[in-house]
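Below is one structure; the comments refer to it alone.
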Amino acid sequence: MNAPHADLFQRFLKEIQLWCRTGKEPRSGDQDMKYYLDLQEKRLQRHNLKIDMRFEPEGEVLFSGQIINSLPFSDGAARFHQSTYFQPQHQSIDYYRADEKIYSSKKYITLYETIINPQPQDHAIGCCTYTCPNCGAISTISTLQEEGCPFCGTRFLMKDLYPKVTNFYCLDNSGISQKQAGNHRKVVWGGGMAFGAVFTVYHLLTSGENTILYALLSFLGATLMSAFLMYIGTSLFYLGRLLKQAGKYTGVIIGSAGSKRKITNTLTRYFPTFSYEYFEGKALSLARTILFHDDPSECVQYKGEDLSGKFSDLIDLQYRGGMGIQSIRQNHDRIEVVLKLYLTSTVDNGKKITEKDETVRLWMYHRAQSPADPCFSIKRVQCPCCGGSFDATQRKTCPYCDQEYDAGINDWVVTAIER
């Protein structure tokens, strides 16, 4: 039986492939995801690169459970389901420069998507602000549904606004796919029968025996023996590949061991509705946004030193499924954490593209007295001074009262990032 949002999972999969070819933003992705995809697209254009990414699904879409997060409002609390969905995929990635293919990669991976959706029959969701998908103006969800956008007049149904994919990443799959297993059997039996036929003809010509029974027994014996040896050989090949892949992730496993428990136990004391899965996705999203940004100093959620040139070679960033914790502490009114993100970076030096595994350290903080907002979007922030809503990707100060916006009130802020 497929997962509840399997159709949305597959729709996003098609849309992200379309984004690679045309730059069209995935409608099923949330607004912050669209923002960092837009930044990545501009990075590719500066490198004069085009990307073509294709997925071939295998098996059903599954999900690992649901997390319910709360959003406090004066008249109640809107509640959201946040679930992680996954499916094995055959992934192909090609990079082109001036229409010449300069890099190609084929992998058997597991694709993960995080999907957020309001809890059914929760009327408090109407108080949440949302950026109009048509014109980009900020209004409450109830206004967009009941009266329509005050700026462009478009009305929306809830299905137009939620559910949305908030994050996605791929992990190398250590198992053997159904396609690979089928090819394995074909190689074993096809190779065994070919050897059996050659052996039988040779043996009949050299031994002088020419009975049908003798030929049949020779063919069966040679086929079974050669198939067995080929099975052992190919199995050892797959075992060697598995051990190599396991060695690749050994550092990730050791570095992230116990981190989930420590992060959850510590941060739940400050934020009762804390979700590790949400926090993990947030850290990855912030890293992508900052590292793909032309000028990170203009990013509201980055308050660190100049990064000019340090990450300009980066054209893609994939999560390796591990996050380590270096420290967690309270510093006055801030909760500060230092994370280690285990990533695979795709870099372009102008001549060739390479992949490399690396660890990125992330220094982050959140205001201790402010609850984490699982539906926070940098595209629609609310000024704590005057209450005005605006798009913080366009400016760092409130357009109504001219106060600088502190994203740490509603979300996490990065103070340093380094390789």
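The values are calculated or read from the model by the stated rules, or taken from the named source; none is laboratory data. Computed from a predicted model, the values in this text were never measured in an experiment. Neighbour counts are summed over all protein chains in view; Cβ atoms, including those assigned to glycine, are modelled from backbone coordinates with ideal geometry. With ligands, DNA and RNA removed, areas are computed over all heavy atoms of the protein, side chains included. Shrake-Rupley method; radii C 1.70, N 1.55, O 1.52, S 1.80 Å.
Please go through (1) open to solvent by 20 Å² or more (accessible area, probe 1.4 Å); (2) over 22 Å from Ile335 (Cβ atoms); (3) in contact with a Pro (Cβ under 8 Å, 6 or more places away or on another chain) for Ile409 and return the number of the only condition it doesn't satisfy.
Evaluating Ile409 over (1) open to solvent by 20 Å² or more (accessible area, probe 1.4 Å); (2) over 22 Å from Ile335 (Cβ atoms); (3) in contact with a Pro (Cβ under 8 Å, 6 or more places away or on another chain) leaves (2) as the failure.
I need the strands (runs of 3 or more DSSP E) fully contained in segment 121-189, keeping only those with at least 2 residues that are at pLDDT below 80.
Correct list: 129-131, 138-140.
What number of residues in segment 250-292 are open to solvent by 30 Å² or more (accessible area, probe 1.4 Å) and either of a type in the set (D, E, K, R) or in a loop (DSSP other than H, G, I, E, B) (or both)?
11
Please indicate, with yes or no, whether at least one residue in segment 93-108 is open to solvent by 60 Å² or more (accessible area, probe 1.4 Å) and in contact with a Lys or Arg (Cβ under 7 Å, 6 or more places away or on another chain).
Within segment 93-108, one or more residues are open to solvent by 60 Å² or more (accessible area, probe 1.4 Å) and in contact with a Lys or Arg (Cβ under 7 Å, 6 or more places away or on another chain).
Which one of the conditions (1) open to solvent by less than 30 Å² (accessible area, probe 1.4 Å); (2) farther than 16 Å from Gln40 by Cβ; (3) of a type outside the set (Lys, Arg) does Leu314 fail to meet, given that it meets all the rest?
So the condition that Leu314 fails would be (2).
Against the condition under 17 Å from the mean Cα position of the chain (by Cα) and among the aliphatic types (A, V, I, L, M), how does Leu339 come out, does it pass?
Answer is no for this residue.
Note down all Cβ pairs under 9 Å where the first residue falls in segment 23-42 and is buried (at least 18 other Cβ atoms within 10 Å of the Cβ), the second is among the small types (Gly, Ala, Ser) and part of a helix (DSSP H, G or I), and they're at least six residues apart or on different chains.
Short answer, once both residue conditions are applied: Asp32/Ser285; Met33/Ser285; Tyr36/Ser285.
State yes or no: is Thr234 open to solvent by less than 70 Å² (accessible area, probe 1.4 Å), at pLDDT 70 or above, polar (S, T, N, Q) and under 36 Å from the mean Cα position of the chain (by Cα)?
Here the answer is yes, as Thr234 does meet what is asked.
Do any strands (runs of 3 or more DSSP E) lying entirely in segment 310-394 carry at least 3 residues that are free of Cβ contacts under 8 Å to residues at least 40 places away in the same chain, and which ones are they?
Details: elements: 314-331, 334-348, 353-367.
Qualifying strands (runs of 3 or more DSSP E): 314-331, 334-348.
Could you list all residues from segment 242-277 that are closer than 30 Å to Asp313 by Cβ, touching a strand residue (DSSP E or B) at 6+ places or on another chain (Cβ under 8 Å) and either modelled with pLDDT under 85 or acidic (Asp, Glu) (or both)?
Selection gives Gln245, Lys248, Tyr249, Gly251, Val252, Ile253, Gly255, Ser256.
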